[in-house]
1. Could you work out how far the C-alpha centroid of the stretch A:79-102 sits from that of the stretch A:339-365, in angstrom?
2. Between A:Ser231 and A:Glu124, what FRET efficiency comes out of the Förster formula 1/(1 + (r/R0)^6) with R0 = 45 Å and r the beta carbon distance, rounded to 0.05?
3. Long-range amide H contacts for A:Tyr338: which residues qualify at under 5 Å (H placed 1.01 Å from N, peptide plane, sequence gap of 5 or more or a different chain)?
4. Please compute the average number of Cβ atoms from other chains found within 10 Å of each residue's Cβ in peptide A:160-173.
5. Using amide H atoms built 1.01 Å from N in the peptide plane, name the residues 5+ places from A:Tyr303, or on other chains, whose amide H lies under 5 Å from its own.
6. Calculate the tail of P(r) for the stretch A:254-406: the fraction of all Cα-Cα distances greater than 24 Å, expressed in %.
7. Quick one: compute the contact order of the stretch A:140-181, relative version, from alpha carbon pairs under 8 angstrom and 6+ residues apart, as a percent.
8. R0 = 30 Å: FRET efficiency of B:Asn314 with A:Arg110, Cβ-based, nearest 0.05?
Number of protein chains: 2
Amino acid sequence: MNAPTHPIEQLQIALPDLDWVTDTNRIARLSQDFSWFSPVLKRQLTGKTADCAVRPRNEDEIKRLVSLCARLRVPITIRGTGTGNYGQSVPLQGGVVLDMSGFNQFLWARNGAGRAQAGMRLSEFEKEARNEIGMELRCMPSTYRSATLGGLFGGGFGGVGSINYGPLGARGNVLGVKAITIEEEPKIVELRGPEALMMHHMWGTNGLVLELELALAPAVPWQEHLVVFDSFDDALEFGNAVALAPGIVKREVAFFAAPVPDYLKQLAEHLRPGCHAVLLAIAPESEPAMLELSAQWRGWVSYSKSAEEIARTNRTLLEYTWNHTTLVAFKTDKTITYLQSAFIAGQHLEQVRRMEKLLAPEVQMHCEFIRNMDGLVTCTALQIVKFTTEERLQEIMQIHRDNGVRINDPHVFVVEDGKAGGLLPPASHQIKRRFDPLNLLNPGKVRAWTDGVPD
Amino acid sequence: MNAPTHPIEQLQIALPDLDWVTDTNRIARLSQDFSWFSPVLKRQLTGKTADCAVRPRNEDEIKRLVSLCARLRVPITIRGTGTGNYGQSVPLQGGVVLDMSGFNQFLWARNGAGRAQAGMRLSEFEKEARNEIGMELRCMPSTYRSATLGGLFGGGFGGVGSINYGPLGARGNVLGVKAITIEEEPKIVELRGPEALMMHHMWGTNGLVLELELALAPAVPWQEHLVVFDSFDDALEFGNAVALAPGIVKREVAFFAAPVPDYLKQLAEHLRPGCHAVLLAIAPESEPAMLELSAQWRGWVSYSKSAEEIARTNRTLLEYTWNHTTLVAFKTDKTITYLQSAFIAGQHLEQVRRMEKLLAPEVQMHCEFIRNMDGLVTCTALQIVKFTTEERLQEIMQIHRDNGVRINDPHVFVVEDGKAGGLLPPASHQIKRRFDPLNLLNPGKVRAWTDGVPD
C-alpha cells in the first residue's frame with residue numbers, strides 16, 4: 001500500500017488530460033496580479049502561491065476539476081489574465097489556480113447584447129461584437145487588450161465608457177451569467193440581472209463564472225485628443241464641461257493635473273512639461289463642439305488621431321487612462337502608489353479642488369469623469385501618491401474621508417475592506433452559500449467566511 | 001401706360017416659372033399652423049393671411065424670389081409643413097408665404113453627421129441617414145413624420161431623443177446651416193456651430209435657412225412600451241428612474257398623470273380608465289432592467305412592441321408624445337389648451353408634485369424627461385389645461401412662475417415673449433441685421449424690429 005498522496009497530486013493523477021501547469025516559476029507568476037501597485041499588499045501578499053495551476057479548455061474539464069477539488073477540499077483561486085489590483089489572483093491558502101484565459105469562446109451577439117465564455121479577452125470580445133452586430137463594450141478597463149470578461153466582472157469597476165453607461169454594476173449593463181457551484185456534484189446555473197450582480201466585484205469568491213452576457217453599445221469610430229492647459233482649474237472645468245455636454249458624444253474624459261502628464265513619456269512631444277491635460281475619446285461629429293469648449297477654457301489641442309489612424313497604428317490613448325496612468329507613472333518613479341476615490345456628484349469639482357489644495361504635490365490628481373450608479377455625472381479619481389509610510393498612506397485616505405470624499409481602499413485584500421466598505425449584504429452570503437458552500441474559493445478573501453459559514 | 005401693379009402681381013409677372021399658389025383657400029391654409037392650440041393665439045391670429053404663396057424647388061428660384069421681394073419690400077413668411085405652435089407660419093403683414101417643403105433634397109451623410117435641404121421631412125431625412133450610415137436623428141418632435149428639418153430648427157425644441165442629447169440647441173447637435181440674405185443681391189452664407197444657432201428657434205425671423213447639417217446618433221431598433229400605475233408618485237418615480245438609469249438605453253420617457261391617459265382613445269385597451277402611465281421607447285437589451293424598475297414601482301406593462309412590429313404596422317407610440325398628446329386630447333375635448341414649462345433639475349419631481357397638488361384637475365400633468373442644456377436629467381411639461389378665460393390662463397402660468405417653474409409661454413406670437421423670455425441677445429439682432437436688414441421676414445414677430453432697426 002502506497003503512502004497517501006497530497007491532494008494536489010491526487011487531482012493531477014485523477015485528471016491527467018487537463019492542461020496542468022507544473023513549472024514552479026509559471027505557477028508563481030499565475031499566483032500574482034497587479035496588487036504590487038500597493039506597497040501594503042505587496043508586503044502582505046509576498047510569497048503567497050498556489051500549489052499548482054490548471055488551464056481548463058471546456059466546461060467538462062471545469063466541472064470535473066471543481067468536483068474533485070470539492071471532494072478533496074482543495075482551495076481554488078480563479079484568475080483571468082491577472083490585471084486586477086486587489087490580489088484577487090493571489091491564493092491565500094495555496095491550492096489550485098484556475099487560469100480561465102483558455103476558456104474563451106465567443107458565443108453570440110444579437111438584440112443589443114453579446115455573450116462569451118469568461119476567459120475571453122475584452123478586446124477580442126469587442127472585435128467579435130463589432131463584426132457581428134456593429135456594437136462595442138459599454139464600459140471597459142484600460143487593460144481591455146489583455147483583461148478578460150470574467151476578470152472585469154469579478155474585480156472590475158467599469159472604466160472607459162462609464163461616462164455614458166455608468167459602472168458595470170449599474171442596472172442593465174450585465175444581463176446574465178452562467179456559474180458553476182463548487183460542490184462534489186457541481187450544478188450549472190444561469191443567473192439573470194440583479195442576481196447575477198451578486199457575483200460582481202466579489203473577486204471570484206462567491207461563484208465560478210463560466211459565461212457572461214453583457215448589454216452592448218453602438219460602435220462609434222472614436223477619435224482621440226489631448227488638450228493641454230496652463231491652469232488646473234481651466235483643465236478641470238473643461239473636462240467637466242465635455243463630460244456634461246449632452247451634445248458631445250464621448251467615451252473617455254480623463255483629467256491629469258500637473259505633474260501627472262510629465263510621467264507620460266511616450267506622449268512627451270504633445271505635453272508641455274508642467275502642463276495640466278485632458279485626454280478625450282469623442283465621436284468625430286463632436287470635434288467642433290469640443291474645440292469650442294477648449295477655446296473657452298484656454299486649452300490647446302496638442303494631439304488628434306482619427307479612428308482610422310488609431311486602428312492602423314494600434315496605438316491608443318486609452319492605454320494611458322484609469323490605472324494605466326498609474327502603471328506608466330511607475331516606470332518613472334518606483335516609489336509611488338495610488339488611491340481610489342469617488343466624489344459627490346455636483347460637489348465633485350469643489351471636492352477635487354479642495355483635495356488638491358490640501359495634498360498636492362504629495363497626492364497628484366488624476367480624475368476620470370463618469371456617470372455614477374444614479375446616472376449623475378461626477379468624477380472618480382486614481383490619484384498618484386508619493387509613498388512614504390503605510391501610516392501616512394492611511395492618514396491621506398482619512399483626510400479624504402474627513403472631507404466627504406469616499407475612499408475605495410485599494411490597499412486591502414479582504415473583500416469587506418475594499419469597495420464593500422465594511423460588511424457584505426446578506427444576499428451576497430446567500431449566493432456564496434449556494435455556489436461555494438465549502439468556502440473553497442480563495443479562502444481568506446472573505447472575512448465573514450474565514451471562521452466558518454456566516455448566518 | 002398701365003396702372004402700377006401691386007407688388008405681388010409684379011412678383012408673379014417677373015417670376016412666371018415659379019410654382020405659385022393662387023387658390024385663396026390654399027393660400028389661407030398655407031398661412032396657418034398649429035397655433036390654434038392656444039385660444040389666445042387663435043383669437044389674435046385669425047384672418048391673418050398671405051397675399052400669395054410659392055413653393056420653390058431649387059436655390060436659384062429662392063434667390064430670384066428673395067431678391068425681388070427685397071426690391072419690392074414684400075414681406076416673406078417662411079414655412080415648412082406648418083406643425084409649429086407659435087404662429088410662425090402665420091404672416092402678420094401679408095406678403096408671400098414661402099413653402100419650403102418642396103426644397104427637400106438629402107445631400108449627404110458621413111462622419112456621424114447628415115445634411116439636407118431645409119424642406120426635407122424629418123422622417124425622410126432619418127430614413128436616408130439610416131440607409132447611408134446606420135444613424136438616426138439625435139432629437140425630433142413627435143411630428144417628425146410630417147415636420148421639416150428647417151421647421152424643427154426654426155421653431156422646435158428637440159423632443160424624442162432629448163433624454164440623451166438634450167435640446168437641439170445644445171452645443172454639438174447642430175453643426176451648421178447654409179442661409180441666404182434677404183437683399184436685392186442675396187448672399188449665400190455657411191454658418192457653423194454657435195453662429196448657426198443664432199438662427200435657431202427664431203421662428204424664421206432672422207434668416208432664411210437653405211440647408212441644415214446635423215450631428216446624428218447611432219440608429220437603435222427602439223421598442224415601445226406603456227407602463228400603467230395606480231399611483232401618481234409611483235409612475236413619476238418610475239419615469240425618473242428610467243430616465244436617470246445609465247444602463248437603460250432610451251429615446252423617450254413620457255409621464256401622463258390621470259386623466260391624461262383617458263384622452264388616448266386609440267390606446268384605450270392598454271390603459272385602464274383613471275390610470276397614470278409612462279410611455280417608453282427603449283433599446284431591446286434594456287427591457288429586463290426596465291421590467292425590474294417597473295416591478296419596483298408597482299407598474300404593469302400593458303403594451304410592448306418590437307422595432308420590427310412598429311416598422312411593419314407603421315404605428316408608433318411616439319405619435320402620442322410631446323405636443324401630439326395635446327393634439328390627441330383635443331379630439332376628446334375642444335375646450336382644452338396647454339402649457340410649456342421647465343422644471344429645475346434635481347428639484348423636478350418635487351416641483352411636479354407641488355404643481356399637481358396646487359392645480360389638478362384644472363391642469364393635467366404631462367411630463368417629458370430630458371437632459372437639459374447643462375446635461376442634467378430633468379423634466380419638462382406640456383400640461384393640458386381646462387381652458388376657461390385668458391385671465392385664468394395667465395394666472396395659472398403665474399402660479400407656476402411663483403413656484404420656481406419656468407414657463408415658456410406658448411400663448412404669444414412675438415419672439416421676445418416666448419422662450420426668449422424678454423429680450424433677444426445683441427448677437428441675435430446682429431444676425432438679423434446681416435440676413436434680413438429690411439425686416440421682411442414676417443415683420444411683427446420680432447418686437448425690437450417693429451419700430452425700426454435696433455441698436
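1. The distance from the Cα centre of the stretch A:79-102 to that of the stretch A:339-365 comes to 32 Å.
2. 0.65
3. Sorted by chain and number, the residues that satisfy this are A:Val385.
4. Mean inter-chain Cβ contacts per residue within 10 Å come to 4.
5. Here A:Leu226 satisfy the definition.
6. Tail fraction, whole percent: 37.
7. 31 percent
8. Between B:Asn314 and A:Arg110 the formula returns 0.75.
The values are calculated or read from the model by the stated rules, or taken from the named source; none is laboratory data. Keep in mind it's a predicted model, so treat the numbers as computed, not measured. A quick note on method: Cβ atoms are made from the backbone with ideal geometry, for glycine too, and the neighbour counts reach across all protein chains shown. With ligands, DNA and RNA removed, areas are computed over all heavy atoms of the protein, side chains included. Shrake-Rupley method; radii C 1.70, N 1.55, O 1.52, S 1.80 Å.
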